[in-house]
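The values are calculated or read from the model by the stated rules, or taken from the named source; none is laboratory data. Since the model is a prediction, treat every value here as computed from it, not as a measurement. Please note: Cβ atoms are built from the backbone with ideal geometry, for glycine as well, and neighbour counts cover all protein chains shown.
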Amino acid sequence: MHSQVDELIGAVLENRYRIEAPIARGGMSAVYVGTDLRLGRDVAIKVMDTRYAADPQFLRRFEFEARAVAGLRHPGLVAVYDQGIDDVAFLVMELVEGGSLRELLRERGPMPPHAVVAVADPVLGGLGTAHAAGLVHRDVKPENVLISDAGEIKVADFGLVRAVAESGVTSASVILGTAAYLSPEQVNSTQADARSDVYSMGVMLFELLTGRTPFRGDTPLALAYQRLTYDVPAPGDVIRGVPAELDEVVLRATERRPADRYADGFEMREALLDVADVLDLPPFTVPAPRRSAERETMARRRAALDVGARPDDEPDGTPAHRGAMPRGGTRVQTDPGAPEPADGAPSPDRIDDRTDLPVAEVSGLDGLVEELDGGRLRALIWILVVLLVAAAAAGAGWWVGARLLGG
């Protein structure tokens, strides 16, 4: 999907949503920071892989799921604003400025019980709200839990797995979802209900408490099939200090038989809050990760805006056409992991407005002036000053030497 990312930066979908910079990419989709040109606000835009845009069955399910999720109201759910098709299928969502639970786990490792409850409370409330409306997430995992800088916890990506599962693109033999968090019934039959989300949530609680997932496997398929034979162990058997009451919540949530689990997110949340009361756990605000893909993308975007790099609307007020290059002379770097160019080397991301060529390839005097901008021009001035001083000194030395020889 790398080539598609390059094409989409600066594109305007349905003459309204401008794609600014990538946040994350996966096998099915990519997420971007975007701008809603009509309302003048930042949004997150999830763009599905191009193979799905040509599948009518996927598009019908995608639209249905987007409408259903957009109707949900809960602070633990990422708000869905819009969906559409413009060569690609896309979803427009609330932009949560902060990072993911996965990124926080990488920074800090296992969490103490009070932090685990602080994460799980809003997540289970969001899941319960969806379950009450007949919706199932099917891919509950730390990557799909977002933490804002204000400490808000929100679940993202409802309905996408089901839309893909019912499309004509994916083979019926493919297991959809993330292997480490799948419930046994999702592995066996790809069927899922609210209790499947409960199982995945139990696995995620195990990981928050211990720092790892309960099963191991050489391949995703082998990892997925582990849960058909083995039970999830108690977190307290893996790491010291986990209260037995939390062990019981995890074990109940991850029972292999769906009927033995909590019925939905609300029931699991109630059990978890009862444990928090028994243990007298203090309230806690979960911090957003200090380093995250979203944070780095926003920092690059602000830096680009500081130098006038943001693509502007046309003079008549209409947005730039889809696929148009930014008019400020700078394209946002599309690969978050790409190294910075060495000092003095032309950056391939800098584009001249007139030629669409890298700055180093612009010929003529204007190109020379651009090459000598900023620090290079100042360096040249200093070199000229030094040469003039040296010439004057040489002239003076020559004059003094001549007087001595003639004298």
So is residue 121 at pLDDT 95 or above and not small (Gly, Ala, Ser) or not? yes
Scan segment 56-86 for residues that are charged (D, E, K, R) and either outside any loop (DSSP other than H, G, I, E, B) or within 19 Å of residue 26 (Cα to Cα) (or both) and jot them down. 60, 61, 63, 65, 67, 82
Would it be correct to say that residue 197 is at pLDDT 95 or above and surrounded by fewer than 19 Cβ atoms within 10 Å (Cβ to Cβ)? no
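Only helices (runs of 4 or more DSSP H) wholly contained in segment 186-289 count here; list those with 3 or more residues that are basic (Lys, Arg).
Counting at least 3 such residues, we get no helices (runs of 4 or more DSSP H) at all.
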Which of the residues that make up segment 33-59 are among the small types (Gly, Ala, Ser) and within 19 Å of residue 157 (Cα to Cα)? 34, 44, 53
Where residues in segment 48-62 are buried (at least 16 other Cβ atoms within 10 Å of the Cβ) and either closer than 17 Å to residue 8 by Cβ or not hydrophobic (A, V, I, L, M, F, W, C) (or both), which of them is modelled with the lowest pLDDT? 53
Just to be sure I understand, how many residues within segment 71-86 are surrounded by fewer than 16 Cβ atoms within 10 Å (Cβ to Cβ) and of a type in the set (D, E, K, R)? 1
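Check segment 2-14 and report whether any residue there is of a type in the set (A, V, I, L, M, F, W, C) and either modelled with pLDDT under 90 or under 29 Å from residue 269 (Cβ atoms) (or both). It would help to see each step written out before you state the result.
Taking segment 2-14 first, the residues of a type in the set (A, V, I, L, M, F, W, C) are 5, 8-9, 11-13.
Okay, now just the ones that are also either modelled with pLDDT under 90 or under 29 Å from residue 269 (Cβ atoms) (or both), so 5.
Yes, segment 2-14 has at least one match.
Condition check ((1) within 30 Å of residue 132 (Cβ to Cβ); (2) in the same structural domain as residue 22 (by TED's automatic domain parsing); (3) among the small types (Gly, Ala, Ser)) across all residues:
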| position | (1), (2), (3) |
| --- | --- |
| 37 | no, yes, no |
| 53 | no, yes, yes |
| 59 | yes, yes, no |
| 68 | yes, yes, yes |
| 77 | yes, yes, no |
Give the number of residues within segment 219-273 that are loosely packed, with under 15 Cβ neighbours inside 10 Å and aromatic (Phe, Trp, Tyr). 1
